Amino acid sequence: MKTRKWVCKSACGECCGCVLISRSSWKKYQSRAARVDRVVECDKDILPVTTDGMCCFLNDVRECSIYRDRPPICRIYGRSSKIPCPYIRPDGSPRSYHETLEIKERINCEVDAGIAMVRGLKQ
């Protein structure tokens with residue numbers, strides 16, 4: 001059986017939350033950030049935080065403004081069973097409606113926990 005090439009769904013942004021980015025990448029791409037509410041310094045990295053929990057590099061149509069140089073976590077997202085894409089399986093085939101709902105619920109719980117953690121940092 002031939003394996004399909006995994007291709008991200010265009011202008012989706014569903015998986016694009018706040019992620020660590022190296023200081024050098026932040027310095028290089030900071031001007032492409034659509035919005036940033038707070039910057040948290042984490043050792044050698046930067047965590048640009050937005051109020052909605054979405055990545056600061058998503059533009060108005062939910063496309064990544066640094067796609068070619070995106071962080072490693074963004075490159076492996078959807079290709080790992082630990083961080084699956086809700087819409088596309090690692091083999092490139094589409095997920096069923098029920099699979100999508102289940103994965104999105106899990107992601108929402110994880111995002112809510114992350115946002116609560118970030119809000120705790122603000123206090």
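The values are calculated or read from the model by the stated rules, or taken from the named source; none is laboratory data. Note that the structure is predicted; figures quoted are calculated from it, not measured. Here the Cβ is made from the backbone with ideal geometry for all residues, glycine too, and neighbour counts use every protein chain on show.
Quick look at the values:
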{"read-out": "Those residues of the stretch 70-85 which are farther than 17 Å from A11 by Cα and surrounded by fewer than 19 Cβ atoms within 10 Å (Cβ to Cβ), in sequence order", "value": "P71, P72, I73, I76, R79, S80, S81, K82, I83"}
{"read-out": "Residues of the stretch 95-107 classified as surrounded by 13 or more Cβ atoms within 10 Å (Cβ to Cβ) and of a type outside the set (K, R), total", "value": "5"}
{"read-out": "Residue list for the stretch 13-27, restricted to those being touching an Asp or Glu at 6+ places or on another chain (Cβ under 9 Å) and touching a residue at least 40 places away in the same chain (Cβ under 8 Å)", "value": "G13, G17, L20, I21, S22, S25"}
{"read-out": "Subset of the stretch 38-63 [assigned to a loop (DSSP other than H, G, I, E, B), on the phi < 0 side of the Ramachandran plot and not aromatic (F, W, Y)]", "value": "K44, T50, T51, D52, C55, C56, N59, D60, V61, E63"}
{"read-out": "Test: residue in the stretch 41-55 that is buried (at least 16 other Cβ atoms within 10 Å of the Cβ), touching an Asp or Glu at 6+ places or on another chain (Cβ under 6 Å) and not small (G, A, S)", "value": "yes"}
{"read-out": "Test: residue in the stretch 20-37 that is of a type outside the set (D, E), surrounded by 15 or more Cβ atoms within 10 Å (Cβ to Cβ), in a loop (DSSP other than H, G, I, E, B) and modelled with pLDDT under 90", "value": "yes"}
{"read-out": "Condition broken by G114, with the remaining ones in (1) touching a strand residue (DSSP E or B) at 6+ places or on another chain (Cβ under 9 Å); (2) closer than 18 Å to W26 by Cα satisfied", "value": "(2)"}
